[in-house]
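Notes for the one structure printed next.
Every number here is computed from the coordinates shown, using simple stated rules; none is lab data. What you are looking at is a predicted structure, and each value in this text was computed from that prediction instead of being measured. We place every Cβ from the backbone using ideal geometry, glycine too, and count neighbours over all the protein chains shown.
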Amino acid sequence: MKDDPKNTAIPLLTGLVRTMRDCCQRQEGLLCRKLALTPSQFACLLAMPERAGEFKVQEVAEVMGLSPSRTSRIVDSMVRGGLFSRRTLSSDRRTQLVALTSTGQEKWQEGHKLLSECEKRLLAQLPPQRRRELAETLKMIIKAW
């Protein structure tokens, strides 16, 4: 009896997504080692907007999809590493503001450069039309989930 394509599509997609996730995690590990950051620190660094200024830890937590307490612990390590500065808002002592230091800005730029190079290497394997199709397909899958 032949397999019904409807029954095999989901396990195939799940397997491909797992494999893609594993590949991404390996690449992230390589990037983290090059930047001397943990994966959590790398994610926190990338969550910081490019524009200069201070941001509430809560805002960074929302971008990262983490709780404020977990994000605060990551921010603590970034402050200790000299990548972030932090201060308490004078009008509300519960509110912590963070900003990239000059070292943090350099690391942010280096991280984005490495990500861009990684993406270029990946996409170089596909002709331009397939790149567009891949992007559209991934958007559709993400929207459906």
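The table for this structure:
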quantity: Filter result for the condition that a residue is more than 14 Å from Phe55 (Cα to Cα) and touching a Leu at 6+ places or on another chain (Cβ under 7 Å), over Leu134, Leu89; calculated: Leu134
quantity: Residue in the range 103-121 that is under 30 Å from Gln58 (Cβ atoms), in contact with a Gly (Cβ under 8 Å, 6 or more places away or on another chain) and in contact (Cβ under 8 Å) with a residue 12 or more places away in the chain present; calculated: yes
quantity: Residues located in the range 27-68, provided they are farther than 21 Å from Thr88 by Cβ and hydroxyl-bearing (Ser, Thr, Tyr); calculated: Thr38, Ser40
